[in-house]
């Protein structure tokens, strides 16, 4: 991969590291190209990688991503700050394998009109002002009417992110599925829902319907949009995928172990 660009977190360490990477690669005849890169190098943390992924969502099927972490090892990054030289050697001389991570497709409906958004970790409906009521459908079957702050739909890789803080299950990479988890559900004799996480196979569709999403927001990864005027939201794993350049194997269990 000859054309590259660098996305850095806005701290002195990450900016300095990003500059070193750019200088090193251009000195070895690699081409710095912010418009049509073949590989995008993220310097920072998993949040920085999320920014990089969404910045290049319009060309997600044409680029690869690799990350160096300026904190601890993350789920999106394979290198730590002390391994800069190893990363540079791999970028110049290595032949990476490609790991594809399915994206979550999210559709906001207003009648027959809809808007499509994409997330890699999760998308969730949240209302911190009042109780949100949501009718939940799995494919064409009614599951429940949820009442509470909201609901989160996460991907496999996103199962270790916001979903984990909601006490959802962590899914291993071989499990291609979505996970539905409650955000502060209300549970009493007049308001009952599943209350535990539900793991849903990749070929299923999740649909949220509500008489009013007023004051609610849809958060997808680090981004959000308001839901005023929306009457339904659909979630599915799609064919669109983020492609990570893996120059060396890093076990999921090792990444998981770094969480605690």
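Things worth noting here:
- Options 170, 183; residue that is touching a residue at least 12 places away in the same chain (Cβ under 8 Å) and outside any loop (DSSP other than H, G, I, E, B): 183
- Filter result (buried (at least 17 other Cβ atoms within 10 Å of the Cβ) and farther than 10 Å from residue 178 by Cα) within the range 198-216: 207, 208, 209, 210, 213, 216
- Strands (runs of 3 or more DSSP E) (entirely within the range 216-260) containing at least 1 residues that are within 19 Å of residue 87 (Cα to Cα): 232-246
- Screening the range 25-131 for strands (runs of 3 or more DSSP E) wholly inside it with 2 or more residues that are over 19 Å from residue 160 (Cα atoms) and either in contact with a strand residue (DSSP E or B) (Cβ under 9 Å, 6 or more places away or on another chain) or in contact (Cβ under 8 Å) with a residue 12 or more places away in the chain (or both) returns the ranges 39-44, 64-69, 97-110, 113-119.
- Screening residue 128 against (1) at pLDDT below 95; (2) within 24 Å of residue 259 (Cα to Cα) leaves a single unmet condition, (2).
- Residue selected from the range 25-80 under the condition out of contact with any helix residue (DSSP H, G or I) (no Cβ under 9 Å at 6 or more places or on another chain) and within 18 Å of residue 258 (Cα to Cα), by the criterion surrounded by the fewest Cβ atoms within 10 Å (Cβ to Cβ): 72
- Single unsatisfied condition, residue 92 versus (1) at negative phi; (2) buried (at least 19 other Cβ atoms within 10 Å of the Cβ); (3) at pLDDT 95 or above: (2)
- Residue 167 fulfils the conditions (1) surrounded by 14 or more Cβ atoms within 10 Å (Cβ to Cβ); (2) out of contact with any helix residue (DSSP H, G or I) (no Cβ under 7 Å at 6 or more places or on another chain) except for a single criterion, (1).
The values are calculated or read from the model by the stated rules, or taken from the named source; none is laboratory data. A quick note: this is a predicted structure, and the numbers were derived from the prediction, not measured. All Cβ positions, even for glycine, are placed from backbone atoms using ideal geometry, and neighbour counts span all protein chains on display.
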